[in-house]
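Quick notes on the structure that follows.
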Amino acid sequence: MKLLATLFLMLVSSQFPSASGAGPTTAELEKLGATVREAGGEIVEIKADCDKLGEDGYRLIGKVTSLTSLSLSGKAMSDDQLAMLSGLTNLE
């Protein structure tokens, strides 16, 4: 039974890597078409095209609390999308 529970947890964590509380990975952000720069093992810069971002993309970016630089191009953001980024308190 313990083996089954362990396998289940491994499967769930591999399907939802951000569920553990750690922020999104570089690979997850790059799947959105974003350019990502890391420093000291943390994501510090993201460049992305708003035309390619959906609601999930904004939510994902909003979880990168180590971010110091965010550059978004393309269409204008909605108030709801901007609210998803409100936790990015380290932006310079």
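Throughout, read-outs are computed from the coordinates displayed, never taken from laboratory work. From a predicted model like this one, the values you see are computed outputs, not experimental measurements. Heads up, the Cβs are rebuilt from the backbone with ideal geometry, glycines too, and the neighbour counts pull from every protein chain shown.
Other residues within the sphere of radius under 11 Å centred on the Cβ of VAL44, judged by their own Cβ, net out at -3 (K and R +1, D and E -1).
For the pair ALA27 and GLU55, label points projected 7 Å from Cα toward Cβ lie 2.7 nm apart. Each Lys or Arg adds one and each Asp or Glu takes one away; over the other residues whose Cβ falls under 12 Å from the Cβ of ALA34, this sums to 0. Once the Cβ-Cβ distance between GLU38 and THR89 is put in as r, and R0 is 25 Å, what FRET efficiency do you end up with, to the nearest 0.05? Calculated transfer efficiency: 0.85. Taking max minus min of the alpha-carbon positions on each principal axis, region 23-92 gives extents of 32, 23, 17 Å, largest first.
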